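The next block holds one structure in the form of structure tokens; read it before the comments.
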Amino acid sequence: MAAQKPVLRGAEIFVRALKDEGVEYVFGYPGGAVLHIYDELFKQEEVKHILARHEQGAGHAADGYARATGKPGVLLVTSGPGVTNAVTPIATAYMDSIPLVVFSGQVPKHLIGNDAFQEVDAIGITRPCVKHNFLVKDVRDLAATIKKAFFIATSGRPGPVLVDIPKDITAQSCEYEYPQNVEIRSYRPVVRGHPGQIRRALKLILGAKKPMLYTGGGVVLGNASEELREFTRTLGYPITNTLMGLGAFPASDRQFIGMLGMHGTYEANMAMHHCDVLIAIGARFDDRVTGDLAQFCPYAKIVHIDVDPASIAKNVPVDIPIVGDVKSVLTDLNGLLRENPERAEPQPLAEWWKQIGEWQSVDCLRFNRNTEVIKPQYVIEKLWELTGGDAYVTSDVGQHQMWAAQFYKFDQPRRWINSGGLGTMGFGLPAAMGVQMAFPEATVACITGEASLVMCIQELSTCLQYRLPVKVINLNNRYMGMVRQWQEFFYDKRYSHSYMDALPDFVMLAQSFGHVGVRVDKTADVEGALREALKQKDRLVLMDFITDQTENVYPMMASGKGQHEMHLSPDRELA
Amino acid sequence: MRHILSLLVENEAGALSRIAGLFSARAFNIESLSVAPTEDASVSRMTVVTSGSDQIIEQIHKQLNKLVDVIKVVDLSESPHIERELMLVKVQAKGEVREEIKRMTDIFRGRIVDVSDNTYTIEVTGDGAKLGAFLQGLDPRQILEVVRTGTSGIARGEKAIRL
């Protein structure tokens, strides 16, 4: 006879379901509508709750945890302002396809629609920025809904799923059983790519004279980095990664020709423009990548592999679409390559590499290392050297983000954690908390700027509470650097509201939160300061680097221009 | 080009707003939308009339399919199909025009479904062009109220959209 199912209260069901789902950490912030749940969390130790200082911080922390581990991030917030504060992290995760399961408290069922205290239409507010959301209307549906939420968040093209739970449901009881499997008739993501399409694609790929691999965040999310490496090395083709895809292919490999896009390398963008076969894998032809669509890859036949059919031919027409999980499709392609000794003709490929070599010789990322005032690029370059390229690096949004992407050479996936799609300032520090929580022994650096950092500065308190020794690299140029750069270029140097007046003393700020603060204002001191900070394995160190205020991010493809129309720094224009 | 998309959707609260929200968020056109449950109470059938280039229609199709509540999407305009829309019109019908309006209703195979001393309420079904023609035939000063359901559609022949 089957064991009798336990009868549990909704709040107990919630905690049991998380355990059964294998959840280790829940990031959150309590409030009235989730008090029953918090009471149950208090009574056990398996599911650990991490208390942030703001729901936005909790959300980004859960997101950072998900990006670094590949497991879903879990966020728990209360109704009303709890969930509205979580909207930014939910939208951040949505734009970058990060598996996040968000639980929001809701006012009791009988009060819904009554403008009750701390009531907000969480389903309505989050609808456009979640993969799916649920309102639980019956305690008997709670366990199955949680199962569905995790399944939807982590399968197909991942994304955030919100489950809104009215308070009365968490007090009601029913029999508990966590479903083993989930079947949703309207949701069946494709896994295997079409074998005929895969063979057609391979034929085109092997016939290329100027091939180019362009891979994105989908390779990282799909854990297909190993398969991509085999594929790329077998073919011997040049490869570029998007901002979201960095680390999927080792940046130190000679086949890697840098990031592409608005602040990508000259060689990557030129190779994109001139290639005859473009192999896009887990990338979505974002406007920051393509530039002017009318001028995009004019000579190329395009193969596009993506798990999301809606990403294919959304912005750019595709010759051979393959819908499927990138890991599965790359495994199939690698299998065919092993069976088939045929490769691209060596002579045209050698000429193509020679051409790429010429573009590379422009040295588009060159900057002056011999200045007294600190160049931000130099700090990142040193961080890369001193950490052996093996740190987890989170960033905020703006110039420092682009420099981090350009100068920290990621050799492994899931090491580069940034808000690429939504571009959320305030992301870096809380995301670093989530990463450090998952990997307590690892070096986790948050590369940020003084404008971004203060957007979630309250999380320094969380870092103290949980002893998270994040290394905060504040590239402090007293400007919203990227805004200032655009104002310099496109608004005749009218620096409208991009100047950070009345900044705090970041050293004292760090100290007041119980951390170590250091100010560095000379190039000669950069390396020493970084070395010292990295030695402090158990302390958070906030390094305030006073950097060159006028430094701009180059090269640059201006918005609306083609990939072949890049600018180097003003003192060196291209022929 | 104009397209008629037929959808099978989970009959759940929120499904309609997800679909309507998708159209507004992605700036897709929506000419009409009609929805009601089917013989299976758990499923609603929805007909969306939209327009756009082939590329846009392909995106609408794919984005609709991506919604978790959407079970199936079929573009009816790709093959022979029947379109119908129901319209109710309240018109002023006094004196000599009273007879004339009745005659016109007969020509369009409409029915007068309600009568008062001064008004008729007329029911007409057909495709959008026919309903438009009927309205054109009336003197605009006589029209008091127009209610249209939006288009419903079904494929001709043996093809059926089912789970």
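Pairs of C-alpha atoms in the range B:2-78 farther apart than 18 Å represent 31 percent of all such pairs. Using only the C-alpha atoms, the convex hull of the range A:150-199 corresponds to 116 Å³ per residue. Take every pair of alpha-carbon atoms less than 8 Å apart whose residues are at least six positions apart; their mean separation over the length of chain A yields a relative contact order of 14 percent. Within straight-line reach of residue B:90, meaning a Cα separation under 13 Å, sit the following aspartates and glutamates at least 8 residues removed in sequence or on another chain: B:114, B:117, B:123, B:139, B:145. Listed by chain and number, the lysines whose alpha-carbon sits under 16 Å from that of residue A:167, ignoring those within fewer than 8 places in the same chain, are A:109, A:137.
When chain B is treated as a Gaussian network with alpha carbon springs shorter than 10 Å, the biggest mean-square fluctuation among B:56, B:107, B:143 belongs to B:107. Can you give the FRET efficiency for residue B:75 and residue A:185, using 1/(1 + (r/R0)^6), R0 = 30 Å, r = Cβ-Cβ distance, to the nearest 0.05? Once rounded, the FRET efficiency stands at 0.90.
Using only side-chain charges placed at the Cβ, +1 for Lys and Arg and -1 for Asp and Glu, the dipole size of the range B:2-78 relative to its Cα centre rounds to 220 debye.
If you plug the beta carbon distance of residue A:140 and residue B:86 into 1/(1 + (r/R0)^6) with R0 = 30 Å, you get a FRET efficiency near 0.15. Averaging 1/r across all pairs of distinct Cα atoms in the protein assembly as shown and inverting the result yields a Kirkwood radius of 28.6 Å. Put simply, the amide H of residue A:86, placed in the peptide plane, has no neighbours under 5 Å, leaving out anything fewer than 5 places away on its chain.
Across the range B:82-152, the mean sequence separation of Cα contacts (distance under 8 Å, 6 or more residues apart), normalised by length, yields a relative contact order of 51 percent.
For the residue pairs A:5/B:72; A:48/A:314; A:48/B:62; A:148/A:537; A:354/A:382, alpha carbon separations beyond 32 Å are given by A:5/B:72; A:48/A:314; A:48/B:62; A:148/A:537. Counting heavy atoms of the protein chains alone, residue A:325 has an accessible area of about 50 Å² for a 1.4 Å probe. Between A:395, A:15, A:277, the Cα set farthest toward the positive side of the dipole of chain A (charges on each charged residue's Cβ, about the Cα centre) is that of A:277. Applying the Kirkwood pairwise sum to the alpha-carbon positions of the range B:82-152 produces a hydrodynamic radius of 12.0 angstrom. As a length-normalised measure over Cα pairs under 8 Å and 6 or more apart, the relative contact order of the range A:102-242 settles at 22 percent. Of the residues B:93, B:15, B:133, the one that moves most in a GNM of chain B with alpha-carbon contacts below 10 Å is B:133. Think of each Lys and Arg Cβ as +1 and each Asp and Glu Cβ as -1; about the Cα centre, that makes the dipole of chain B roughly 120 debye. Put the Cα centre of the range B:30-92 next to the Cα centre of the range A:37-116 and the gap is 35 Å.
With N counted as the residues of chain B, its alpha-carbon radius of gyration over 2.2 N^0.38 Å works out to 1.21. For the range A:85-163, chymotrypsin sites (Phe, Trp or Tyr not before Pro) meeting the loop criterion (DSSP other than H, G, I, E, B) and having at most 15 other Cβ atoms within 10 Å: A:117.
For the range A:245-308, which trypsin sites (Lys or Arg not before Pro) pass both filters: DSSP loop (anything but H, G, I, E, B) and at most 13 other C-beta atoms within 10 Å? Here the trypsin sites (Lys or Arg not before Pro) that fit, given the DSSP loop and packing criteria, are A:254. In terms of its C-alpha gyration tensor, the range A:1-117 comes out oblate, because a/c is 1.5 or above while a/b does not outweigh b/c. Calculate the length of the line joining the C-alpha centroid of the range A:312-336 to that of the range A:455-510, in whole Å. If you average the Cα positions of each part, the centres end up 40 Å apart. Dipole size of chain A about its Cα centre, with +1 on Lys/Arg Cβ and -1 on Asp/Glu Cβ: approximately 860 debye, rounded to the nearest 20. Across peptide B:56-68, the average count of Cβ atoms from other chains found within 10 Å of a residue's Cβ is 4. Working note: 222 nm ellipticity from helices only, DSSP H runs with n ≥ 4, each -39,500 (n - 2.57), summed and divided by the residues of the protein assembly as shown, gives -10000 deg cm²/dmol to the nearest 500. Which of these, B:104, B:46, B:87, has the largest mean-square fluctuation under a Gaussian network model of chain B (Cα springs below 10 Å)? Top of the fluctuation ranking is B:104.
The values are calculated or read from the model by the stated rules, or taken from the named source; none is laboratory data. Fair warning: this is a prediction, and the values are worked out from it, not measured in the lab. All Cβ positions, glycine included, derive from the backbone under ideal geometry; neighbour counts span all protein chains shown. Note: areas computed on protein heavy atoms with side chains; ligands, DNA, RNA excluded. Shrake-Rupley method; radii C 1.70, N 1.55, O 1.52, S 1.80 Å.
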